[in-house]
Structure formats: structure tokens, C-alpha cells
1. Just the residues that are of a type in the set (S, T, N, Q) and within 24 Å of the chain's Cα centre (by Cα), please, taken from region 146-162.
2. Look at ALA191 and say whether it is surrounded by 15 or more Cβ atoms within 10 Å (Cβ to Cβ), at pLDDT 90 or above and small (Gly, Ala, Ser).
3. So which helices (runs of 4 or more DSSP H) stay within region 130-228 end to end and still have 2 or more residues that are closer than 30 Å to THR421 by Cα?
4. Given (1) over 21 Å from GLN303 (Cα atoms); (2) touching a His at 6+ places or on another chain (Cβ under 8 Å), identify the lone condition not met by CYS410.
5. List every residue pair whose Cβ atoms sit under 7 Å apart, with the two residues 6 or more apart in sequence or on different chains, where the first one lies in region 112-132 and is touching a residue at least 12 places away in the same chain (Cβ under 8 Å) and the second, anywhere, is outside any helix (DSSP H, G or I) and among the aliphatic types (A, V, I, L, M).
6. Of the conditions (1) farther than 30 Å from TRP213 by Cβ; (2) in contact (Cβ under 8 Å) with a residue 60 or more places away in the chain; (3) surrounded by fewer than 18 Cβ atoms within 10 Å (Cβ to Cβ), HIS335 fails just one. Which one is it?
7. With (1) surrounded by fewer than 13 Cβ atoms within 10 Å (Cβ to Cβ); (2) modelled with pLDDT under 75 as the list, and GLU450 as the residue in question, which single condition is left unmet?
8. If TRP435 satisfies all but one of (1) in a helix (DSSP H, G or I); (2) surrounded by fewer than 18 Cβ atoms within 10 Å (Cβ to Cβ); (3) of a type in the set (A, V, I, L, M, F, W, C), what's the number of the condition it fails?
Amino acid sequence: MLWSLIKVLLFIGIVAVLSLSAGWMLDNGTGVRMTVSGWEFTLGPVQLLIGAILLMLALWLLLRLAGLLVAVVRFLNGDETALSRHFQRNRERKGREAVSDALVALASGEPKQALTRAEAAHKFLNDPVLTTLLIAQTAEQAGERDRAEDAWKKLLAHNRTRFVGIRGLLRQTLDVGDTTTALKLAERAFALKPKHPETQDILLKLQAETADWEGARQTLEAKRKMGALPKAVYQRRDAVLALQQARTVLQDGASIEAREAAIEANKLSPDLIPAAVLAARSYIAQGNKRNASRILRKAWEVQPHPDLAGAFAEIEPEETPQQRLTRFGPLTDVHAHDPEAMMLKAELAIAAEEFPEARRALGKLPVEHPTVRSLTIMAAIERGEGADDTVVRGWLTRALTAPRGPQWCCDKCQTVHAQWTPVCDQCGGFDTLSWREPADTAGPSSTGTELLPLIVGTPDPASRVVNPEPAEEIVPEGEKPAH
């Protein structure tokens with residue numbers, strides 16, 4: 001600002017001096033006489049003014065040429081000049097156009113063209129973060145894994161893009177199934193951004209797959225502190241991890257630690273059936289039958305399950321079948337009309353050789369809700385009551401094509417598992433297994449086993465199912481009903 005004012009004042013001063021000089025010479029009619037190398041020149045006022053103007057123009061041109069020469073020298077030396085800025089603006093324009101073309105091609109489903117334009121943008125633009133990230137993403141879409149990996153690794157060199165680079169490499173290692181490297185990358189990403197939800201989920205999944213239950217519980221705690229999980233969901237998942245931690249300790253032979261971890265898992269989620277079974281067995285090993293019974297009854301009230309009944313039987317291994325039938329009475333009465341409770345009571349009655357009681361306990365379940373287990377129990381009842389072999393075969397042949405009943409099914413991919421696991425073997429879902437009947441996929445078998453009852457010529461076994469409701473007693477006229 002000050003320099004501009006000085007230049008304006010200087011210009012005004014020069015113009016004023018020249019105007020005054022020209023006026024003075026015109027008024028006096030004098031000129032200027034010059035002698036150069038023996039030559040004498042006499043200039044009038046007008047000629048002198050024109051000469052001064054030409055001299056100033058020549059001086060101005062000389063200064064401009066000198067500035068141009070200095071600019072060329074600086075340009076050749078690599079310094080910033082107007083000429084270099086002109087070329088830089090041209091390169092930036094081409095680079096921005098290349099970035100736009102790459103994004104448009106990527107959105108249009110043309111990853112090869114997008115990668116080409118991204119490399120052109122990297123050549124023109126002086127923004128390595130933007131262009132390297134663009135190359136990494138377009139190379140991934142184009143299937144150029146090596147090119148994408150190199151780009152992600154370059155992003156690791158900058159603090160601002162280190163997390164992005166680790167996340168890109170993590171995604172690549174997960175795609176190829178390298179869980180060991182993926183776990184290390186996820187841990188690094190979690191250390192950089194512990195509140196990143198996607199990183200938390202990936203790390204938790206990898207820790208569960210590699211049986212790092214202690215680390216998984218720490219990651220789950222971080223999700224809880226962040227507020228990403230409701231309290232009930234957190235307690236359930238923490239119980240699942242504590243249960244697996246207890247199983248791991250049990251496999252290592254450290255029974256005391258296993259008991260404590262199993263009991264902790266049951267306290268976190270009393271309705272988790274495997275945790276209840278493991279905690280009950282830990283109490284049984286300690287001789288604490290009362291706590292074992294309490295845990296199993298509490299879990300049974302939520303959902304009856306064969307594993308709970310099996311653990312309940314282990315509390316008194318030396319009891320007689322009749323004693324066991326009596327001891328299980330309060331348990332089976334909790335859900336009297338639940339299929340699991342009905343079949344359990346029938347099995348206990350069969351073991352005690354009380355076959356009519358077993359038939360009453362089973363009721364119409366083999367007809368209204370036939371499963372392999374209920375039909376097999378019915379065959380055992382018929383055998384125990386001395387029924388004909390054709391009747392027994394009739395129930396068993398129906399069991400060949402009957403549904404298996406409730407099983408451990410993944411709620412995400414519907415895969416059936418023989419045993420409960422915290423992670424689905426098929427889809428990798430965490431805590432997605434529930435005890436229920438799978439989707440009905442039954443159809444005619446290739447061997448025609450559904451026609452066996454017709455082939456063997458058995459009578460309809462369903463006609464032998466008794467009504468669990470007591471029938472009205474018919475008393476002949478003149479007789480009193482028996483009591």
C-alpha cells in the first residue's frame with residue numbers, strides 16, 4: 001500500500017517537472033546544444049520533449065527485457081515465476097479434469113478407465129494424498145490388487161492418511177482370507193481410532209474367530225463405553241465371550257479358573273443355555289447341588305432344552321428311574337405343554353417302565369407335531385406295552401421322514417449346527433445361533449422313504465395315540481361308579 005502511494009507521487013512529480021521544463025523552454029524560445037564525437041546537435045524545445053519521451057520509452061523497454069531475461073533464468077533454475085505459474089495452472093486444470101473423469105468412470109462401472117484417469121491426475125496434480133487415494137480405490141475396483149496395495153502402503157507414510165491406508169490393507173487381507181495379518185492390521189487401526197464402529201466390529205469378529213476371548217471382551221467393553229451397544233446386548237455378548245473363555249480354561253486343565261469363568265458367564269446372561277450348563281457342572285464338581293439345580297431351573301423357565309435336562313440328571317447320577325421321575329416333576333411342570341417338557345416326561349416314564357404314564361405325557365404330540373424324537377418315543381411306548389411289531393415299525397418308518405425338531409440354527413444364514421458355537425461356521429455371524437426349528441425344506445426323498453409305511457403294510461399308528469384329556473367313564477345302569 002505504501003509503495004503504491006510512493007509510485008503515484010513519484011509519477012506525478014516527474015510529470016510536473018517535465019511540464020514545467022517544457023513550458024519554460026517554450027516561453028524562452030531556447031533549446032539545447034549537444035556535442036557528441038565532434039558532432040554538434042541543437043534541439044529545440046519540441047525536439048527535446050520528443051527526445052525525452054523516446055529516451056524514457058527506450059529505458060522502459062530495456063527494463064522489460066532485463067526483467068524477461070531474469071524471469072527466463074529463474075524459470076530455468078526452477079524458481080517460481082509467472083511463466084511457471086502459467087504452466088502450473090494448466091497442469092492443475094488438466095489434473096482436476098482427470099479427477100472428475102476418474103470419479104465419473106468409477107460411478108459408471110468402468111474401473112479400468114477410472115484407473116487410467118486416476119494415474120493421469122497423479123501425474124498432473126501436486127496433491128499426492130488425493131491422487132494416491134483415488135488410485136488405490138480405482139485399482140481395487142479394477143482388480144489390480146498389487147497396484148492397490150502399493151497405493152495403500154504409500155498412504156501409511158502420512159499421519160493424516162495412516163488410518164485410511166491401514167483400513168484399505170485390512171480390507172484386502174480379509175478378501176484373501178489372511179486372518180492373521182488382518183488381526184494385526186485391525187489392532188493397529190483400533191489403536192489409531194478406538195471409537196471407529198467398523199473397526200470395532202471387524203476386530204471383535206477376528207478376535208472371536210481366532211479364540212482371543214480376552215481381547216474380544218476388551219473390544220466389546222470399548223463399544224459399550226462408546227454407547228454403540230444397548231446394555232442388554234452388551235451383557236449377552238459379554239456372557240458369550242466369557243463362556244468361551246471358560247471353555248478355553250477348562251481345556252487347559254485349570255478347573256478353578258474354568259469354574260469361576262463359567263459362573264461369571266451364567267451371571268451375565270442366565271438365559272444362555274450353554275453357560276447355564278457349564279456353570280451347573282462346575283457347581284456339581286464342587287458338590288454344590290443346590291446352586292446347580294437353581295441355575296438349571298432358572299434357565300429352563302426361559303426355554304426348555306435337552307442339555308439342561310441332561311445336566312439336571314447329572315446332579316443325582318445314582319438315583320433310580322422312579323426317583324428321577326419324581327425329582328424332575330417340578331421341572332417338567334414349569335412348561336407342561338411345551339413339546340420339550342412333554343417328551344422329557346415321557347422319556348422319564350419309559351425309563352421307569354410306566355408306559356401308560358408316558359403315553360399320557362406325550363399326548364397328541366406325535367400326530368399334531370411329529371418329529372423324529374416324538375415318533376421314536378411313541379415307538380418305544382408301543383414296544384413297552386407289547387404292541388405288535390407292525391405298529392412299532394409304523395412309528396419308526398414315519399420317523400425316517402419326520403422333521404428333526406428344534407436345533408441350533410443361525411438367524412443370519414439359517415445354517416443348522418450340531419453344537420452351539422459363538423460364531424457361525426457358515427457366515428461368521430457372532431452370537432447368531434438360537435434354539436428353534438429350522439425352515440422347512442423337506443420334500444420327496446430320492447429313495448422314496450416316505451412310502452415305507454405303505455410298503456410294509458402297517459396300520460395307521462396315529463389311531464393308537466390316546467387323548468390326554470380323561471374320558472368320561474361309562475357306568476352300566478344299576479351299578480355304582482368305581483373309585
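1. THR161
2. Details: surrounded by 15 or more Cβ atoms within 10 Å (Cβ to Cβ): no; at pLDDT 90 or above: yes; small (Gly, Ala, Ser): yes.
No, not satisfied.
3. Working: elements: 145-155, 162-176, 179-192, 197-209, 213-226.
Correct list: 162-176, 179-192, 197-209, 213-226.
4. So CYS410 meets the others, but not (1).
5. Close Cβ pairs (under 7 Å, with a partner that is outside any helix (DSSP H, G or I) and among the aliphatic types (A, V, I, L, M)) amount to THR131/LEU125.
6. (2) is the only condition that HIS335 fails.
7. It fails just one condition, (1).
8. (1)
The values are calculated or read from the model by the stated rules, or taken from the named source; none is laboratory data. As the structure is a computational prediction, the values presented were derived from the model and not from experiment. With ideal geometry, Cβ positions are generated from the backbone for all residues, glycine too; neighbour counts draw on all protein chains shown.
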